[in-house]
Amino acid sequence: MGEMKGLKEINFKNVDVEGMRRIGCEIGKNLVEGDLILLKGDLGSGKTILTKAIAEGMGIDRNKVKSPSFVLMNIYSDHLKLYHMDLYRLNDEDDFISSGLMEFLQPVDGVTVVEWADRISKMKLNEFLEITIDFEDEERRSVRLRAKGERFDQLIESLFKVGDDEF
Ligand SMILES: Nc1ncnc2c1ncn2[C@@H]1O[C@H](COP(=O)(O)OP(=O)(O)OP(=O)(O)O)[C@@H](O)[C@H]1O
Ligand SMILES: [Mg+2]
């Protein structure tokens, strides 16, 4: 774990699809209204798969969660609301401002998960969990969780208690 000015990190290696599901569920179970998750990772790295698992942990049917690449955002409201964005088609922060989705970065009545979060600036965001997925090979990924803000520090601590081996 890297600890730096309140930024906590945890890094999982050799994560297969099932491991991705466990990580996502564990995160999803611990989310509350107002939480923001920023997902980074190349095409096909597993951002949507992870979002499905987060949804599952939140009590949402994972099969209903579809990639919002074309519509920019889907909203699932079976339980705790999930705002699921995919910003692949946007070029930069200006595009994001024009999209009108900015307000959803501070959701008041649900949780927001953003795929391709590198399209937006983190400068004005006080609290978020940033998850970066990197390819190790076809079947395995490394998954780095980085917390900004006390809430997500605690979430990372609780994931530690579950233990790296579990994933
Ligand atoms: N360890 C793994 N974790 C996640 N996905 C994996 C893993 N191993 C293989 N895969 C496969 O990689 C693909 C990941 O697709 P997914 O749609 O989640 O990626 P994405 O990052 O959302 O892509 P995009 O950038 O197009 O939105 C799936 O087909 C999945 O089965
Ligand atoms: Mg996706």
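The values are calculated or read from the model by the stated rules, or taken from the named source; none is laboratory data. Just so you know, these numbers come straight off a predicted model, no measurement behind them. Backbone-built Cβ (ideal geometry, glycine too); neighbour counts: all protein chains shown.
Quick notes on this one:
- Qualifying residue in segment 127-138 (condition: in a strand (DSSP E or B), over 17 Å from Ile23 (Cα atoms), away from ligand 1 (no atom under 16 Å from the Cβ) and not acidic (Asp, Glu)): no
- Close pairs (9 angstrom Cβ cut-off, 6 or more residues apart or separate chains): touching a residue at least 24 places away in the same chain (Cβ under 8 Å) in segment 136-150, part of a strand (DSSP E or B) and among the small types (Gly, Ala, Ser) anywhere: Glu136/Ser142
- When each of Asp134, Asp153, Asp109, Asp78 is tested for being within 16 Å of ligand 2 (Cβ to nearest atom) and charged (D, E, K, R), the lone residue that passes is Asp134.
- Qualifying residue in segment 34-48 (condition: over 21 Å from Glu150 (Cβ atoms), out of contact with any strand residue (DSSP E or B) (no Cβ under 8 Å at 6 or more places or on another chain), outside any helix (DSSP H, G or I) and away from ligand 1 (no atom under 12 Å from the Cβ)): no
- On the stretch given as segment 49-64, residues that are of a type in the set (A, V, I, L, M) and within 10 Å of ligand 1 (Cβ to nearest atom) total 3.
- Scan of segment 28-52 for residues that are away from ligand 2 (no atom under 13 Å from the Cβ), among the hydrophobic types (A, V, I, L, M, F, W, C) and surrounded by 17 or more Cβ atoms within 10 Å (Cβ to Cβ), ordered by number: Leu31, Leu36, Ile37, Leu38
- Segment 11-21 - residue that is surrounded by fewer than 18 Cβ atoms within 10 Å (Cβ to Cβ) and among the charged types (D, E, K, R) and, of those, farthest from ligand 1 (Cβ to nearest atom): Lys13
- Contact map, segment 94-110: first residue buried (at least 17 other Cβ atoms within 10 Å of the Cβ), second residue polar (S, T, N, Q) and in a loop (DSSP other than H, G, I, E, B), Cβ cut-off under 8 Å, separation 6 or more or different chains; pairs are Gly110/Ser77.
- Qualifying residue in segment 74-91 (condition: at pLDDT 95 or above, buried (at least 18 other Cβ atoms within 10 Å of the Cβ), more than 14 Å from ligand 1 (Cβ to nearest atom) and in a helix (DSSP H, G or I)): no
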